[in-house]
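Take a look at the structure below.
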Amino acid sequence: MKKFKKITALVMALFLLMSFAEIQSFAVTSIEEYQKYYETLDNTLVMLTPGKDATELNFAWHSEWSLKAPKVRLSKNADMADYVEFVGSTTFSENADQRVNNVTVTGLEENTTYYYTYGVNGDFSEPVKYQTHSFDSVKFVYVSDVQPHHKNDLLKESYLWNQSLESAFARNDDISFIVNGGDITHNGDYNEEWTAFMSPEYLRSYPMAAANGNHDKSGTTFTKYFNNPNAYTGIYPMSFGESYWFRYGDVLFVMINSIRWEAIGNLDTINAVKAAVEANPDAKWRVAVTHYDFYGPGPHVPETKVTEKKKMLVPIFEHYDFDLVLNGHDHVYGRSYFMEDDKIVENEGYSTGTVVDPEGILYVTASGSKGNSRTEGSYNYPWIAKDYISPNNCYSTIEITDDGQLKLVTVDAVTEKVIDTFNIVKTDFEPEYEENTFGLYGTLLKEYTGEYFIIFEMLYDLTLAVKRFIGRFVA
Ligand SMILES: [Fe+2]
Ligand SMILES: [Fe+2]
């Protein structure tokens, strides 16, 4: 029996050592090492985004101008034996001498190791490893406001951004993708800002779902670097990107363009959420991502452009019974109490950090992800349950398991300390959609138009119908 115990202890020690070795493969990089790597990069790096569900993966990359179809090859073997080839499409780039290549890979299986290569004109990249995880449960990293600025030290900004991801992936080997709350770059139209943003090697193996921020509006490049699924164009397309959605297990993710300001743009945004929810009536969890932080911890919250969007979007989140809304913009980490009708909901469990079947919506705001967090001090908003004032970059991991649990862990990527944890347990998965006496848009917008909004709703639906009718002939 003693011998058996010894062997068990030995096996356990070996197992721990192997796990440690696996983690150490993401060893912390020095800035000198990173610089050597960074100097080899340009804006032709490939970006992965989630496909419409866990079985798909989208690719986008810039290449030299040429009219050959882009291809991605996928294999379960490191030498690319028995690969399957996926052919995509090409479109104009923001640079005259480049084009943008988009490919969608389908038929992925869960918990499987893949290798991919991508290229045009028969010239393919080296194989890159891509690991899928469970398709029933999901764990993702949440970051925001990376926004490298071409007038700053881009190497340093890129290094700090990489540091956030390095910490996240060293602590978690079961991440499926990254969610980004927006302000991807500072100005949008500079290749070098995109190179800095895309530089972390993790982005070759982990897809990123990004929402558009106010800084992304200053350029027209957002759509060139992300090949997002289920984009909702509404009445007319936006040069800086659309709202879109994707599904992963029981969770619907709605990535919202919260920056549009025109009247029709607001209607399009509302309709994008409506379309996403109605396409996924069986989703047990609904997560929205908006750049503007309606119940955030920082100085931007009371600004008109944020409060106007809050009036527009919070009612639709409440109408469709969303569980979680992820935000950026303020560059300060904050977690709200559960909110409903602009009031704090008194759920049991705030003090223990675990709530069961809560009423209301939880709002989480990310800090800046490249050492650009605000440090002016706490604003003491009544809705804030936890904030973290520090110049350090932080990130959150959010895990939603198929047994109805959501686990939020937020880490300071510089000190490696866990700064916040919070759990939701859900046993009741039936959404409680609120009733609307004026129709959905009337309820949301009646403060602007009163009962006459129904006319705008009808006109909107009519315009969409005409657009689709014409689209049939154009196609
Ligand atoms: Fe920002
Ligand atoms: Fe912003």
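Miscellaneous remarks
- Shown is the FRET efficiency for residue 357 and residue 97, computed with R0 = 51 Å from the Cβ-Cβ distance and rounded to the nearest 0.05: 0.35.
- Charged-residue dipole, Cβ positions (Lys, Arg, Asp, Glu), segment 59-131 about Cα centre, Debye nearest 20: 100 debye
- Assuming charge only on the beta carbon of Lys and Arg (+1) and of Asp and Glu (-1), the dipole of the chain about its Cα centre is about 960 debye to the nearest 20.
- Of the residues 69, 226, 378, the one whose Cα sits farthest toward the positive end of the charge dipole of the chain, with +1 on the Cβ of Lys and Arg and -1 on the Cβ of Asp and Glu, is 69.
- If R0 is 45 Å, the Cβ-Cβ spacing of residue 239 and residue 340 corresponds to a FRET efficiency of close to 0.80.
- Extension gain for residue 275 to residue 347 (0.36 nm times residue separation, less C-alpha to C-alpha distance): 22.9 nm.
- Gain in span if fully extended, residue 129 to residue 68, counting 0.36 nm per residue against the direct Cα distance: 19.4 nm
- Label point distance in nm, residue 31-residue 79, each placed 7 Å from Cα along Cα→Cβ: 4.4 nm
- Positive-end ranking of 142, 212, 59 along the dipole of the chain, with charges on Cβ about the Cα centre, is headed by 59.
- Percent of Cα-Cα distances greater than 29 Å, calculated over segment 193-344: 14 percent
- Three-way shape label, segment 325-443, alpha-carbon gyration tensor, a/c 1.5: prolate
- Taking label points 7 Å from Cα along the Cα-to-Cβ direction, residue 470 and residue 263 give a separation of 1.9 nm.
- Order by protection proxy (mean Cβ within 10 Å, highest first), peptides 262-271, 245-254, 141-150: 141-150, 245-254, 262-271
- In plain terms, the residue of 339, 255, 458 with the fewest other Cβ atoms within 10 Å comes first and the most crowded comes last, giving 458, 339, 255.
- Check: segment 153-204 dipole with +1 on Lys, Arg Cβ and -1 on Asp, Glu Cβ, in debye: 140 debye
- Unsatisfied cross-links (Cα-Cα over 31 Å) in the set 52/417; 68/309; 129/370; 36/305; 52/310: 52/417; 68/309; 36/305
- Over segment 387-430: Rg over Rh, Cα atoms, Kirkwood Rh: 1.12
- Dipole orientation for the chain: of the candidates 317, 49, 125, 125 has the Cα lying most toward the positive pole (charges on Cβ; Lys, Arg +1; Asp, Glu -1).
- Annotation for segment 192-251 versus segment 409-425: alpha-carbon center distance of 26 Å.
- Dimensionless Rg ratio for the chain, taking C-alpha atoms and the 2.2 N^0.38 Å reference: 0.99
- Here the scattering of segment 59-131 is modelled by Debye summation over its C-alpha atoms, one equal scatterer each and no solvent; at q = 0.24, 0.25, 0.26, 0.27 Å⁻¹ the log10 of I(q)/I(0) is -1.03, -1.09, -1.15, -1.21.
- In summary, the helical segments of the chain meeting the span-like criteria, namely a full DSSP H run, a Cα extent along the axis of 15 angstrom or more and a mean Kyte-Doolittle hydropathy of at least -1.0, are 2-24, 154-171, 263-278, 304-319, 453-474.
- Among the GluC sites (Glu not before Pro) found in segment 326-377, those both in a DSSP coil and sparsely packed, with 14 or fewer other Cβ atoms within 10 Å of their Cβ, are 346, 348, 359, 376.
Throughout, read-outs are computed from the coordinates displayed, never taken from laboratory work. Since this is a predicted model, take the numbers as computed values, not measurements. Cβ sites come from the backbone with ideal geometry, for glycine too, and all protein chains shown count toward neighbours.
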